[in-house]
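Heads up, the thing below is written out as structure tokens.
The values are calculated or read from the model by the stated rules, or taken from the named source; none is laboratory data. All values derive from a computational prediction rather than experimental measurement. Heads up, the Cβs are rebuilt from the backbone with ideal geometry, glycines too, and the neighbour counts pull from every protein chain shown. The area values use the complete protein model at the heavy-atom level, side chains included, leaving out ligands, DNA and RNA. Shrake-Rupley method; radii C 1.70, N 1.55, O 1.52, S 1.80 Å.
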Amino acid sequence: MSGADVSPVPAGSAVTAAALAEGLDVTGCRRPGAPLVLFASVEVAPFAHVGGLGDVAGSLPVALAEAGVRVIVVTPWYGELPAPPGPVEPTTMQLVVPGLSGPETFQVWRGELRGSVPVLFLANPTLFGLPQVYIPDRDRERFAAFSRAVVALLHVLPVEILHANDWHTSLAVIWHREQRFRSRALFPQRSVLTIHNLAHQGITDVGYARALGLEVEGLIEEERSRYPDTVNLLARGILAADAVTTVSPRYAEEIRTPALGEGLDRLLRQRTDRVFGILNGIDTAWYNPATDPALPGHFTADQPQGKELCKRALVRELDLPGAGEQPLVGVVSRLDRQKGIDLLVEAIDELVALGVHLVILGTGDATLERQIAEASRRFPHAVVSVLRFDGELARRIYAASDLFLMPSRFEPCGIGQLIAVRYGAVPVVHRTGGLADTVHQWDAARATGNGFLFDELTPEALLAAVRRALEVYRRPVEWQRLVKNALQTDVSWARSARAYVQVYEVILGLAAQASGHGGGAGFSDDVDE
């Protein structure tokens, strides 16, 4: 089966655009001329949430809508379908698309994200019947079929922009471009592909890719040289997309270098005028220390007293006797080498010697989990490890912490440091990717900055940054100014949403350039030649 076998009209369905749009506000628009965007992601919080992709897909579309863009989210439905009425309702539409073992049928359900953005859930019990997002042995098959269904939706909704995310939906960008070559009239849309983490590329062997329906003749240089006889789905998506975005300006620069390009730096340099770095935000209504129901006390930049209450309450909750008077250092992270947790493990003894108390929440690599648990046994009055995922406890740790450690080796954007400053926990981070874009070195002379950065990936560099932070901590007036700076940091989606709108306008030919976001000066509208 090749891309040419995909019917632009959903097979076996007589559904019209009007029937699908029933209940969807796809005609109203608060911004004249704003495009209709189909936002495709395999994770969308709160419906399905594993990591940062789910956070972005659950909040960026809302910010786009607030910026006046008409947006519809499309995502798989995982597990058993709810009995209506419920969070989602069935439509009369089915999408029948080619699959690995024959035709696959998706029932289209409809819901809302945060009460304002329409969401289309594509349900297929064979591929997505389990309540889990990722099934490594089957993900290529599952997400290929989902991507075909996304392309089918483009034919029945008046979409102008397909916005795909990561390798899972880069297939939709690839197949959309194939269809556009065949008929601009049927597929006039433009496409955006957002890279949340370049390390995950959807690499598959040629035979399996051909079985999925990809045209694999003529492998690109990145496929021939790095992993022979493979197809790189993300690389092909980068080639097919009208614009590529990443989740911070610095990361957009880093991935065009051999050091952090994950084998795709040449390709990204080749497309440099269509690569834009747009910083992620967070949902500031959800992450709000002034109203968060998980906190024992509430606070703001102007009324910070509740933060001390949060610290003392967490010390009691985690049984850290006497820790209320000591600087409290929080870590909320996936426990792996990318996040620099191995550096933290090497530094724990020295951190304890500095007089700090350390709270670590997260799961991940078994060896690192074991080492962290051992450290908490060696220092029962100074180190607490909670080796599980707990969203409410995480927010209590952010609110209670004086410092927040994030020594990531690389970080496309990062969410931990954004939540940390939102909750007044001063971040100490490695200067990379989005960490370097969002954490600014404290300058006592000018009373500017919101945290501390270090450059070398060593335990010694991490410890030196912590020592600098503790020197400020011991000067209460200066420390209060620093914490206030952190609390006043703008981590909302508003500015980023406007940058995405500008990229949409560029690829639609409505604007000449999208400057200042890590991309080039602009590019021609002639994308198909």
* Asked: From the residues in segment 457-503 that are in a helix (DSSP H, G or I) and among the hydroxyl-bearing types (S, T, Y), which one is farthest from S59 (Cα to Cα)?
  -> Y473
* Asked: Would segment 488-498 turn up any residue that is open to solvent by less than 20 Å² (accessible area, probe 1.4 Å) and out of contact with any Leu (no Cβ under 8 Å at 6 or more places or on another chain)?
  -> no
* Answer yes or no: is there a residue in segment 265-272 that is in contact (Cβ under 8 Å) with a residue 40 or more places away in the chain, closer than 23 Å to V439 by Cβ and either of a type in the set (K, R) or assigned to a loop (DSSP other than H, G, I, E, B) (or both). => no
* Asked: Based on what the data block shows, is D455 surrounded by fewer than 18 Cβ atoms within 10 Å (Cβ to Cβ) and farther than 24 Å from K311 by Cβ?
  -> yes
* Structure fact -> Those residues of segment 324-342 which are part of a helix (DSSP H, G or I) and surrounded by fewer than 22 Cβ atoms within 10 Å (Cβ to Cβ) amount to G324, E325, D342
* **First in segment 379-406 and open to solvent by less than 10 Å² (accessible area, probe 1.4 Å), second anywhere and at pLDDT 95 or above and charged (D, E, K, R), Cβ under 7 Å, 6 or more apart** => A399/K307; A400/K311
* Residue, nearest to S41 (Cα to Cα), within segment 73-93, restricted to residues that are modelled with pLDDT of 95 or more and open to solvent by 10 Å² or more (accessible area, probe 1.4 Å) -> W77
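Per-residue answers, yes or no, for (1) at pLDDT 95 or above; (2) buried (at least 21 other Cβ atoms within 10 Å of the Cβ); (3) within 30 Å of A497 (Cβ to Cβ); (4) of a type in the set (K, R):
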| residue | (1), (2), (3), (4) |
| --- | --- |
| D205 | no, no, no, no |
| A211 | no, no, no, no |
| E215 | no, no, no, no |
| L219 | no, no, no, no |
| E222 | no, yes, no, no |
| Y227 | no, no, no, no |
| V244 | yes, yes, yes, no |
| V247 | yes, yes, yes, no |
| E254 | yes, yes, yes, no |
* Structure fact -> Checked L335, L361, L320, L328 against criteria (in contact (Cβ under 8 Å) with a residue 12 or more places away in the chain, over 19 Å from R467 (Cβ atoms) and in contact with a His (Cβ under 8 Å, 6 or more places away or on another chain)); the one match is L320
* To do: Working only within segment 210-237, note down all residues that are touching a residue at least 40 places away in the same chain (Cβ under 8 Å) and aliphatic (A, V, I, L, M).
  => A211, L212, L214, I220, L233, L234
* To do: Scan L295, L268, L279 and give me the residue that is within 16 Å of the chain's Cα centre (by Cα), open to solvent by less than 60 Å² (accessible area, probe 1.4 Å), under 24 Å from G414 (Cβ atoms) and of a type in the set (A, V, I, L, M).
  => L279
* So which residues in segment 198-215 are more than 19 Å from A240 (Cβ to Cβ) and either hydroxyl-bearing (S, T, Y) or under 23 Å from the mean Cα position of the chain (by Cα) (or both), if there are any at all? -> A199, Y208
* Answer with yes or no whether I135 is under 30 Å from Q338 (Cα atoms), among the hydrophobic types (A, V, I, L, M, F, W, C) and without any contact (Cβ under 8 Å) to a residue 60 or more places away in the chain. => yes
* Asked: Taking the stated definitions as given, is E308 charged (D, E, K, R), assigned to a helix (DSSP H, G or I), without any contact (Cβ under 8 Å) to a residue 12 or more places away in the chain and closer than 25 Å to K484 by Cα?
  -> yes
* Taking the stated definitions as given, is Q480 out of contact with any Phe, Trp or Tyr (no Cβ under 6 Å at 6 or more places or on another chain) and under 15 Å from I282 (Cβ atoms)? -> no
* **Elements of type strands (runs of 3 or more DSSP E) in segment 121-213, at least 1 residues being closer than 22 Å to V96 by Cα** => 161-165
* Asked: If only one of G362, G355 is farther than 26 Å from A294 by Cα and open to solvent by less than 30 Å² (accessible area, probe 1.4 Å), which one is it?
  -> G355
* Starting from residues that are assigned to a strand (DSSP E or B) and free of Cβ contacts under 8 Å to residues at least 40 places away in the same chain, keep the ones in segment 106-118 and report whichever is least open to solvent (accessible area, probe 1.4 Å). => W109
* Structure fact -> Checking V332, V315 in turn, the sole residue that is over 23 Å from L457 (Cβ atoms) and β-branched (V, I, T) turns out to be V315
* Structure fact -> Within segment 156-200, of all residues that are polar (S, T, N, Q) and open to solvent by 10 Å² or more (accessible area, probe 1.4 Å), the one farthest from S59 (Cα to Cα) is S183
* Just a yes or no: is a residue in segment 313-321 in a helix (DSSP H, G or I), in contact with a helix residue (DSSP H, G or I) (Cβ under 9 Å, 6 or more places away or on another chain), surrounded by fewer than 23 Cβ atoms within 10 Å (Cβ to Cβ) and among the hydrophobic types (A, V, I, L, M, F, W, C)? -> yes
* Structure fact -> When restricted to V466, V429, the only residue farther than 27 Å from R256 by Cα and open to solvent by less than 30 Å² (accessible area, probe 1.4 Å) is V466
* To do: Scan segment 394-422 for residues that are within 22 Å of L60 (Cβ to Cβ) and either in contact with a Ser or Thr (Cβ under 8 Å, 6 or more places away or on another chain) or hydrophobic (A, V, I, L, M, F, W, C) (or both) and report the count.
  => 16
